[in-house]
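Report on the structure given below.
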Amino acid sequence: MKEIRVLVADDHALIRGGIRALIERHPDLQIIAEAGDGPEALRLIRQHQPEVALIANAISKLNAFEVTACVRRECPAVHVIVLSTEADKESLRQALACGATGYLTMSTSAAELELAIKTVANGKTHISSAATKLLMNLIGSGARDQTLNGLTQRQREVLKLIAEGNTTKQIALTLKISVKTVETHRMLLTDRLDIHHTAGLVRYALKAGLVRLEI
C-alpha cells in the first residue's frame, strides 16, 4: 500500500507533536514535514508536495485560508484539511471557499483523523462529524439562490459525478464518453459557474441538491 505523505502546520509544537503521534500509529501514513507558521507551511508544501496538508486555521502570519488558496493555485495535487479549534460556520465556509477538501476540529478522534486523511488523499471531501450540522445550515441558507437552469443535462451528470468523488476516467466510463469529452464538460462547467476547484463544485452540487451528504 502506498504511503500517504502528510504535512502538519500549527503554531504550537505540542499540538504538532500530538498530531504526529496519532498519525505515526498508522504504517501507511507518514509525516514528511512540520511547519510553525503560514509562510513556512507554504514553503514546505511547495518543496515536498505532500498528498495531504493538515493546517490549523489560526496559524500565524498567513492563516489557513490564505495558505489553502495559494496551495490550490500552485500545488493542486495537494489536498488541504483545515483544523479548527471548534466547529464554526464562518471558518467552515471560508475553508470550502478557499478550496480545502477537509475540515476537522480539535475534538476530532484519532479514528476520524485517519479517515479524513485517507478520504481527501483519494480526492474526496471529508467534513468533521462535529461540523455536519453547520454544513447543512450553509447548504440550506444558499439553496434558494442556486440554479441548474444554465447547465445542460450532461453537465449536470458530470457535476454530480465529480461531487461524488469520481475521477475523470471513472466519469468517462460511467457516462460512456471519452476522457477528453469529460475534461471539456468540466472546463465548461467551471467557466459557467466560475468555480475552479473541486471543493467548490462539491459545495455547489450539495446546495443544488444534486448529491446528498452522507453522515
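The values are calculated or read from the model by the stated rules, or taken from the named source; none is laboratory data. This one's a predicted model, so the numbers in the text were calculated from it and none came from an experiment. Glycine also receives a Cβ, built like all others from the backbone with ideal geometry; neighbour counts cover every protein chain displayed. Calculation scope for accessible area: heavy atoms of the full protein, side chains included, ligands and nucleic acids excluded. Shrake-Rupley method; radii C 1.70, N 1.55, O 1.52, S 1.80 Å.
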So, of the residues in the range 1-25 that are farther than 15 Å from residue 121 by Cα and in a loop (DSSP other than H, G, I, E, B), which turns out to be most open to solvent (accessible area, probe 1.4 Å)? 25
Counting only residues in the range 46-83 that are of a type in the set (S, T, N, Q) and under 14 Å from the mean Cα position of the chain (by Cα), the one farthest from residue 122 (Cα to Cα) is identified as 57
Residues located in the range 191-209, provided they are buried (at least 16 other Cβ atoms within 10 Å of the Cβ), at pLDDT 80 or above and under 21 Å from residue 102 (Cβ atoms): 195, 197, 198, 199, 200, 201, 202, 203, 204, 205, 206
Inspect the range 26-46 for any residue being of a type in the set (A, V, I, L, M), part of a strand (DSSP E or B), under 19 Å from residue 128 (Cβ atoms) and open to solvent by less than 40 Å² (accessible area, probe 1.4 Å) and give the result as yes or no. yes
Could you give every pair whose Cβ atoms fall below 6 Å, whose first residue belongs to the range 17-33 and is under 20 Å from residue 46 (Cα atoms), and whose second residue is modelled with pLDDT under 95 and open to solvent by 30 Å² or more (accessible area, probe 1.4 Å), counting only separations of at least 6 or pairs across chains? 30/3
Of (1) open to solvent by less than 40 Å² (accessible area, probe 1.4 Å); (2) part of a helix (DSSP H, G or I); (3) of a type in the set (A, V, I, L, M, F, W, C); (4) modelled with pLDDT of 90 or more, residue 115 satisfies every one except (1)
Among residues of the range 120-169 being small (Gly, Ala, Ser) and touching a strand residue (DSSP E or B) at 6+ places or on another chain (Cβ under 8 Å), the residue modelled with the highest pLDDT is 121
Filter result for residue 15 (aliphatic (A, V, I, L, M), out of contact with any helix residue (DSSP H, G or I) (no Cβ under 7 Å at 6 or more places or on another chain) and within 24 Å of residue 88 (Cα to Cα)): yes
Does residue 97 satisfy the condition of being within 14 Å of the chain's Cα centre (by Cα) and either hydrophobic (A, V, I, L, M, F, W, C) or at pLDDT 90 or above (or both)? yes
Only one of 81, 59 is assigned to a loop (DSSP other than H, G, I, E, B) and of a type in the set (Val, Ile, Thr); which? 59
First in the range 82-100 and closer than 13 Å to residue 56 by Cβ, second anywhere and among the aliphatic types (A, V, I, L, M) and surrounded by fewer than 22 Cβ atoms within 10 Å (Cβ to Cβ), Cβ under 6 Å, 6 or more apart: 85/106
For the range 179-187, does any single residue satisfy the condition of being part of a helix (DSSP H, G or I) and modelled with pLDDT under 85? no
Counting only residues that are part of a helix (DSSP H, G or I) and either surrounded by fewer than 21 Cβ atoms within 10 Å (Cβ to Cβ) or not polar (S, T, N, Q) (or both), the range 62-78 contains a total of 10
Of all residues in the range 80-94, how many are over 19 Å from residue 202 (Cα atoms) and either at pLDDT 90 or above or open to solvent by less than 60 Å² (accessible area, probe 1.4 Å) (or both)? 3
